[in-house]
Amino acid sequence: MSERNVLGGELEPCGTDPLTGFYRDGSCSCGPADVGLHAVCAVMTAEFLAHQRSVGNDLSTPRPEWGFPGLQPGDRWCVVAARWAQAYQDGAVAPVVLAATNQRALEVVPMSWLEEHSVDVPSDPGWLA
């Protein structure tokens, strides 16, 4: 059975450049090994990346030993639901792609918060920098 998104439909891909997801399959799928719940498909902004760095979750610095390229504004990434919620509460939230956000995110994040920051992926992500 395929995983579902927060809208109740089939979970859509989040991003392939860079390749995201706990399983690095481009999807925010959350199997039993994903204890962090990498469920929220977020579009990176400079503000969100700076916030994550300030709370000890550096998503900008490449870590080749982990196959992690480092993220830039405009990249789509499956973020840990609790980290996204923390950014929301701190006023530094990243936009969310609902169709690519795993329904398991709702275990941590209220749907109203996700809806408040939902976006279609922009064709020109320049405004996110």
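Read-outs throughout are calculated quantities, based only on the coordinates presented, and are distinct from any laboratory measurement. Just so we're clear, the structure is a prediction, and the values are computed from it rather than from any experiment. Neighbour counts run over all protein chains shown; Cβ positions are idealised from the backbone, glycine included.
Within region 10-25, identify whether any single residue is surrounded by fewer than 20 Cβ atoms within 10 Å (Cβ to Cβ) and of a type in the set (Gly, Ala, Ser), and answer yes or no.
No; the residues of region 10-25 include none that is surrounded by fewer than 20 Cβ atoms within 10 Å (Cβ to Cβ) and of a type in the set (Gly, Ala, Ser).
Only one of 98, 59 is closer than 23 Å to residue 2 by Cβ, crowded, with 16+ Cβ neighbours inside 10 Å and touching a helix residue (DSSP H, G or I) at 6+ places or on another chain (Cβ under 8 Å); which?
Values: 59 fails: closer than 23 Å to residue 2 by Cβ.
Result: 98 is the single residue among 98, 59 that is closer than 23 Å to residue 2 by Cβ, crowded, with 16+ Cβ neighbours inside 10 Å and touching a helix residue (DSSP H, G or I) at 6+ places or on another chain (Cβ under 8 Å).
Suppose we filter 86, 52, 72, 103 for residues that are in contact (Cβ under 8 Å) with a residue 24 or more places away in the chain, in contact with a strand residue (DSSP E or B) (Cβ under 6 Å, 6 or more places away or on another chain) and of a type outside the set (Phe, Trp, Tyr); which single one remains?
Working: 86 fails: in contact with a strand residue (DSSP E or B) (Cβ under 6 Å, 6 or more places away or on another chain); 52 fails: in contact with a strand residue (DSSP E or B) (Cβ under 6 Å, 6 or more places away or on another chain); 72 fails: in contact with a strand residue (DSSP E or B) (Cβ under 6 Å, 6 or more places away or on another chain).
From the options 86, 52, 72, 103, the qualifying one is 103.
Counting only residues that are of a type outside the set (Val, Ile, Thr) and in a strand (DSSP E or B), which one in region 71-123 is nearest to residue 23 (Cα to Cα)?
78
In region 22-70, what count of residues is obtained for those that are touching a Gly at 6+ places or on another chain (Cβ under 8 Å) and either assigned to a loop (DSSP other than H, G, I, E, B) or more than 13 Å from residue 84 (Cα to Cα) (or both)?
Number satisfying all stated conditions: 13.
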